[in-house]
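Q: I'd like to ask some things about the structure below.
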Amino acid sequence: MNIGIRQKLLLGMSGMLAIVATISLMTIGQIDELGKSLAIVLKQNYLSVVACQDMKDALGSIDSLVLNSLLGNSGESRRMVNGQKAKFNDALDRELHNITLPGEQERADRVLRLSEDYFRILSTIMESQGPEPERRLLYLKRLVPLSNEIRLVSREILEMNQANMISEKNASRNLSISARWRVLSIGMASVLLALLLGYQIHRWVLNPLRNLIDTTEEIRRGNLEVVLQTVAQDEVGQLSRSFNAMLIALRQNRNSDLENLIRSRKLTDDVFRALPFSVAVLDPQGQVQVSTEKAVLFFGLKPGVSVRELPFKWMPGLLDNSIDDLKPAGLEDKYVQQFVGNKEYFFQPTTIPIVSESGKVTGSILMISDVTQLHEQQEMKRGMVSTVSHQLKTPLTSLRMSIHLMLDEEVGALNGKQSELLVGAREDCERLVDMLDDLLDLNRIESGKGQLEPRPVKPALLVREGMEPFLGEAKDRNVTLTAVTSGELPDVVADPAGIRHVFANLLSNALRFTMPGGKVTVGATQEDGMVRFFVEDTGAGIASEHMAHLFEQFFRVPGQDVRSGVGLGLSIVKELVEAQGGAVSSQSLPGKGSLFSFTLPRCKPQLSKTTKLMEGEQA
């Protein structure tokens, strides 16, 4: 008959459980008997001991009080004798109702008879008006012997109960010793049975499982030729035979899958190398595993080469940033310039970490986009904008001068219609000049040729200089223009002229779209490491679907007056602020107004000469 592992374990455990249960029940019965014996000792014998001791104490007190009465203090002694008599009778009554030992009843009855004689003589001594010598003689001849005899019998009862308590204690100790030996026997039998069961489990389960573990370890090393030997018919034997069948299937699949894997890997490598981009797959240490032909051509990213060994200082930093942040990382400078074959190229690198499901970085992808054509197009656009703007400014200046002379009637008088047409032409000329100035400013900022000179400056001064040119316009439009700043704001690092240009664009927009009676607020507040400047108005507001495009070039909110500009003002604001290390943001609610803000970095405190000297001495 085939016995499974479950039956084997149940068979081994059932015997041990039976032994443990039997001896445990026997031990519990003995412990119960021990508890009952202890209860008898404490409840009966101890009460008799206490009663006898109380009787002896009461008699001793009475004898002392009688002697004191004979010496002349009869009044107070008589009252105290009655109290001790009551105490004696109470103790005697407890003893008479707690007879538990052979011979205890006769002694208790004798104490009762003797106490009756004793208290009768005591009453004669305490209440008699006879001569003092007769009372003393009666005390010495009759009362003292009775007291001694009562004490003697009480001591006999006390010693009987104490002896019984000791006997019960010894019996309880013997019972506990017996229980201890039985428990020890249980432990020894359980240990022996456990050793036997452990030996059988080792034969039945552990040895086959250890063989299975060894075989699994061989498979982990790549050896699929192993065979697991087994003759058992239990669950472990079934598992071993299933394991051998699995190994046969794995060997068959390995031979077919290996060819497919090699073919797929070669195809993947060929396709990857043929990609028209500079891409490389790196391990966590930055060593190239796979790369495209262009990555090898432009940057030397051959398989097996570490990016930390290449002469490109931006590669290790870019790789470390993406791994530390667990997100794609790019260069702040946006472009990398590289000369290949006497030709200039521009690239935009990005690293993307490869993260496993457990959150561990297993590698990175380095993607280097060729943006040479885009860079050339931007340079061409900037050159064209600069050339066209400068070329247009010359005839436009001449046209403005001619219109100005005609409106001043330097070349003849004008009628009303002619004046109206010339005023309109002048306004359009001024609008064209503003557009050309904005285009030139934006072009200079984007090309990095803007003359920005950042220096420490107080935020309150920037706010005041930014809003002063618009006080008259605000008054003419009946719009309240106020400043809200705190004198405790730290200095910021900024180019005052550039920030005045920023405020000019923001305030001109705020005043243009705020109705008469409205309010425009300019101010600054402190943030973490930055100071935020803001321009808030109570104008018409901007719909939410247009907010994401406000700072894009040539974007105009639909429905605006054509004379409001071409959509370059806010893009110039963005470029000027970001060029000084800040950021722009906007909030708006239609019908409630808008809030445009930008941040500038705080000025770091400079160490005084004394502090620098002290630090130099410590160093």
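The values are calculated or read from the model by the stated rules, or taken from the named source; none is laboratory data. All of these numbers come straight from a predicted model, not from anything done at the bench. As a convention, Cβ positions derive from the backbone with ideal geometry for all residues, glycine included, and neighbour counts pool all protein chains shown. Surface areas here come from the heavy atoms of the whole protein model, side chains and all, with no ligands, DNA or RNA. Shrake-Rupley method; radii C 1.70, N 1.55, O 1.52, S 1.80 Å.
Q: Somewhere in the stretch 515-527, is a residue part of a helix (DSSP H, G or I), out of contact with any strand residue (DSSP E or B) (no Cβ under 8 Å at 6 or more places or on another chain), open to solvent by 10 Å² or more (accessible area, probe 1.4 Å) and not hydrophobic (A, V, I, L, M, F, W, C)?
A: No - not one qualifying residue is present in the stretch 515-527.
Q: Of the residues that make up the stretch 606-614, is at least one open to solvent by less than 60 Å² (accessible area, probe 1.4 Å) and either closer than 22 Å to residue 536 by Cα or modelled with pLDDT of 80 or more (or both)?
A: No, the conditions are met nowhere in the stretch 606-614.
Q: Which one of 450, 412, 424, 363 is in a loop (DSSP other than H, G, I, E, B) and modelled with pLDDT of 60 or more?
A: One residue alone meets the criteria, 412.
Q: What is the residue count in the stretch 554-590 for residues that are on the phi > 0 side of the Ramachandran plot and modelled with pLDDT under 85?
A: Of the residues in that region, 4 qualify.
Q: Exactly one of (1) of a type outside the set (Phe, Trp, Tyr); (2) modelled with pLDDT under 80; (3) closer than 22 Å to residue 354 by Cβ is unmet by residue 257. Its number?
A: (3)
Q: Also, I was wondering about something else. Of the numbered conditions (1) within 30 Å of residue 46 (Cα to Cα); (2) of a type outside the set (S, T, N, Q); (3) modelled with pLDDT under 75, residue 155 satisfies every one except a single condition; which is it?
A: Of (1) within 30 Å of residue 46 (Cα to Cα); (2) of a type outside the set (S, T, N, Q); (3) modelled with pLDDT under 75, only one is false for residue 155: (3).
Q: Being in a loop (DSSP other than H, G, I, E, B) and either in contact with a helix residue (DSSP H, G or I) (Cβ under 7 Å, 6 or more places away or on another chain) or of a type in the set (A, V, I, L, M) (or both) is the filter here; which residues of the stretch 316-332 pass it?
A: 326, 328, 331
Q: Please work out if residue 126 is in contact (Cβ under 8 Å) with a residue 24 or more places away in the chain, open to solvent by 40 Å² or more (accessible area, probe 1.4 Å) and of a type in the set (A, V, I, L, M, F, W, C).
A: no
Q: Of these, 332, 293, which one is open to solvent by 90 Å² or more (accessible area, probe 1.4 Å), of a type outside the set (Gly, Ala, Ser) and either at pLDDT 75 or above or closer than 30 Å to residue 211 by Cβ (or both)?
A: Details: 332 fails: either at pLDDT 75 or above or closer than 30 Å to residue 211 by Cβ (or both).
Unique residue meeting the criteria: 293.
Q: For the stretch 505-514, enumerate the residues that are out of contact with any helix residue (DSSP H, G or I) (no Cβ under 7 Å at 6 or more places or on another chain) and either closer than 15 Å to residue 598 by Cα or open to solvent by less than 10 Å² (accessible area, probe 1.4 Å) (or both).
A: Across the stretch 505-514, the qualifying residues are 510, 514.
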